[in-house]
Ligand code: N01
């Protein structure tokens, strides 16, 4: 339960209204019904408990974002509680435990910057952190700053309702509890709703099946087993070489070939680490002046079409040898905006695949042709293409012969049956909006987020949604989050929110809401920027097309971290332009 300190209120204008439990539950249900929200997601009446203590802020999510937000709010003397569906902290790094899971951003970048001692003391063993190593780091941060005590684990938020009259968010949990606070922050992550396609027959499959994004905590052994893996995005491409080493046979079901570059992972050179750490604060600052939020890559000045074939090839070869996706995309200044330039980089990678994979038919199937390179997440791998030279690995092309059903002992495509003992779904996520739309979020006598987002997500800066006061989304759609060094973007959003709450408190204001005009103009800007790039040419999760029925809208802001941060800073410097604040 919250401590006395945590019961402090944020502003003198907020009044706590005692709500009688039965009345409150009726209110909650009826309001949800009015807005056509799913009443079934409310917990059963008899088990519902009003948590009779008020908080200043309710946080949904105990991942990297929720943890830093707890830390910041505590520093401001605000009371907050975070709700986490998992049994511990870590968010994406808690759930994604599949073999080979590691970050595709370098360890020295992918960490918090808010505590100098922390970043100096923590040692990363490898150039790219493994999932266990990153989870260990997140747990370390949690203990170091005593954050665990303000997190309710194994608790999923099912609904959130705002009362304008009371200036109060009311959140219901799947454990039948109700929490209230004037502010609510969705720190729900962008890739936290795993997507398993509805193949007929899965319920009759006699073997084991797993989703990479919901991997068991106990070790999964594939030795001696015939395994089928469906999906060749980042999760599939990272896990395939590892599963292939164990399985008696691995069938890879590929619908779309993806571009992957060698990570060139290895032990972190202590000299590089030391140098990086000695420049940490300058590097972190400089990162905000870059498109992807990572410093150290000089911006390219030339177009891929402005150099000779020989020079272009030399540059690509050098980047290929270095490893890393930003480095590669920084070969030239127009790889993401000019199709002809992009084609040169795409063809370079296709040639590498053809040279690596011995069977020319398999190589051609693995060589991506459906989208410009970099318009889907550019993947980093270790020995991915080499894995197809093993005798125990078969690539099954399901682009023309789709998977029709799961049978009791295997996977049936339109033209063949594959007998397998285990199936791995590396089929991705309902990205960016899935976790938010899984909850019934609404405003009394107003629409729900589901209504407002029916044709695609809308937001002001990816931080707030017009019509939903005192609700914030961390790295939500319309922000550069997923197209950047995620932790940097998370810290920027958390700082924005914490500073905003402090601003309100210092002026005896309690309510903040984005204007419809500001939101419309931002949504248009996000779209215009995306349309000036090649991104919309790919059927990616950025566009929502991986989820049947999801509106096709390009969701992230791709104008770059530098442009975005400047915009946010200007909004604040000009007195929170685009927002209405009220007492
Ligand atoms: O998911 P994905 P992911 N039949 O959506 C296929 C981050 N991440 O979990 O392309 C057959 O990329 C689907 O095929 P298609 C990273 O941002 C980061 O791999 O739709 N196939 C695709 O091949 C990444 O982008 C890291 O035709 C089906 C695959 O499943 C994001 O998470 C590691 C199918 C899904 O690929 C998501 O990556 C892991 C069907 N019915 C993840 N349905 C690192 O930091 C889907 N597919 C390295």
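Just so you know, all these numbers are worked out from the coordinates, no wet-lab data involved. Just so we're clear, the structure is a prediction, and the values are computed from it rather than from any experiment. Cβ coordinates were reconstructed from backbone atoms using ideal geometry, including for glycine residues, and neighbour counts include every protein chain displayed.
Taking the longest Cα principal axis of the chain as reference, the axis of helix 131-144 is set at about 20 degrees.
Between the C-alpha center of segment 417-473 and that of segment 485-509 there is a gap of 22 Å. Our summary gives the chain a relative contact order of 19 percent, counting only alpha carbon pairs under 8 angstrom and 6 or more residues apart. As a rough footprinting exposure proxy, the listed residues 496, 468, 153 were ranked by other beta carbons within 10 Å of their own, and the order from fewest upward is 153, 496, 468. When shorter helices are ignored and each DSSP H run of at least 4 residues is given -39500 (n - 2.57), the per-residue value for the chain at 222 nm works out to -9500 deg cm²/dmol.
Annotation for segment 311-374 versus segment 519-534: alpha-carbon center distance of 27 Å. Taking Cα atoms, how many degrees apart are the long axis of helix 516-531 and the longest axis of the chain, rounded to 10 and kept between 0 and 90? The answer is roughly 0 degrees.
Taking all Cα pairs closer than 8 Å and separated by 6 or more residues, the relative contact order of segment 388-451 comes to 14 percent.
For segment 456-583, the relative contact order comes to 33 percent (Cα pairs under 8 Å, sequence separation of at least 6).
Evaluate the Kirkwood expression for the hydrodynamic radius of the chain, namely the inverse of the mean inverse distance over all pairs of different C-alpha atoms, and round to one decimal in Å.
Working: mean 1/r = 0.0398 Å⁻¹.
After inverting the pairwise mean of 1/r, the radius is 25.1 Å.
The alpha carbon centroids of segment 198-229 and segment 98-139 are separated by 28 Å.
So for 133, 143, 84, fewest C-beta neighbours within 10 Å to most, what's the order?
So the residues, fewest neighbours to most, are 143, 133, 84.
On a 0 to 90 degree scale, rounded to 10, what angle separates helix 234-246 from the longest Cα axis of the chain? In the chain, helix 234-246 runs at an angle near 60 degrees to the longest axis.
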